[in-house]
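Taking it in order: structure first as structure tokens, then the write-up.
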Amino acid sequence: PAPDSREVDNTLDKLRALQRQYQPPTRRPNPSAATAPTLGGSKDGDITASLNATQQGAIGDKVRECWTKDSGALDIEKMSAQLVVTFDENGTARISEIGPADQGRMSEPRFRAFAERAARAVLDPRCASLPIPRTELGKRGKLTFRFKP
């Protein structure tokens with residue numbers, strides 16, 4: 001039997017409320033602990049510029065595995081959303097946010113639904129372990145990418 005649409009809406013509302021309540025970690029890693037070499041990236045931990053096209057594609061492919069298509073959405077294949085993902089020392093996504101380039105579009109219901117699905121896909125337990133290059137492991141970091149179905 002198909003789920004009641006009100007139940008689905010209630011579940012989505014609860015998930016959105018939980019995501020808004022999530023607070024990023026406030027403690028800093030112990031700098032004296034043994035870590036992997038710190039090659040590439042930038043001082044703020046954003047590794048986007050140090051990733052080549054193959055590495056960026058691998059991250060996008062991983063996220064796409066957990067993204068669910070809204071079959072009722074029009075032209076969804078033409079949409080894209082900028083995501084800013086914070087990952088931990090092991091390369092596991094911990095925070096996924098809509099990037100600054102697309103914040104102004106969040107008032108559009110179609111875009112908002114698309115972007116929130118993409119952000120949730122990053123945090124899905126099946127896909128949260130991102131293929132981050134070994135040189136970037138051992139420390140927390142961020143990456144920014146444009147998700148396209």
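Laid out as a table, the results:
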item: Members of segment 66-84 that are in contact with a Phe, Trp or Tyr (Cβ under 6 Å, 6 or more places away or on another chain) and closer than 16 Å to LEU123 by Cβ; result: ALA81, LEU83
item: Filter result (basic (Lys, Arg) and either under 14 Å from ILE76 (Cα atoms) or assigned to a loop (DSSP other than H, G, I, E, B) (or both)) within segment 107-123; result: ARG110, ARG112, ARG117
item: Test: residue in segment 98-106 that is surrounded by 15 or more Cβ atoms within 10 Å (Cβ to Cβ), more than 17 Å from GLN19 (Cβ to Cβ), in contact with an Asp or Glu (Cβ under 9 Å, 6 or more places away or on another chain) and not small (Gly, Ala, Ser); result: no
item: When residues of segment 52-78 are limited to those that are aliphatic (A, V, I, L, M) and within 16 Å of the chain's Cα centre (by Cα), the one farthest from PHE111 (Cα to Cα); result: ALA58
item: Search result, residues across segment 80-97 that are surrounded by 14 or more Cβ atoms within 10 Å (Cβ to Cβ) and either at pLDDT below 90 or outside any strand (DSSP E or B) (or both); result: SER80, ASP88, GLU89, GLY91
item: Residues within segment 107-130 that are in contact with a Cys (Cβ under 7 Å, 6 or more places away or on another chain) and either closer than 12 Å to PHE147 by Cα or in contact (Cβ under 8 Å) with a residue 60 or more places away in the chain (or both), tallied; result: 3
item: Contacts under 9 angstrom Cβ, first residue in segment 88-100 being more than 11 Å from ARG140 (Cβ to Cβ), partner of a type in the set (D, E, K, R) and assigned to a strand (DSSP E or B), 6 or more apart; result: GLY99/ARG146
item: Residue list for segment 115-149, restricted to those being under 18 Å from GLN103 (Cβ atoms) and of a type outside the set (Lys, Arg); result: ALA115, GLU116, ALA118, ALA119, VAL122, LEU143, THR144, PHE145, PHE147
item: Yes/no for ARG126 being modelled with pLDDT of 90 or more, over 15 Å from ASP46 (Cα atoms) and in a loop (DSSP other than H, G, I, E, B); result: yes
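Residue by residue, here is whether (1) modelled with pLDDT of 70 or more; (2) in a helix (DSSP H, G or I) holds:
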position	(1), (2)
ARG6	yes, yes
ASP9	yes, yes
ARG20	yes, yes
ARG28	no, no
THR35	no, no
LYS43	no, no
GLN55	yes, yes
VAL63	yes, yes
ASP70	yes, no
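The values are calculated or read from the model by the stated rules, or taken from the named source; none is laboratory data. From a predicted model like this one, the values you see are computed outputs, not experimental measurements. So basically every Cβ, Gly included, is an ideal-geometry build from the backbone, and we count neighbours across all protein chains shown.
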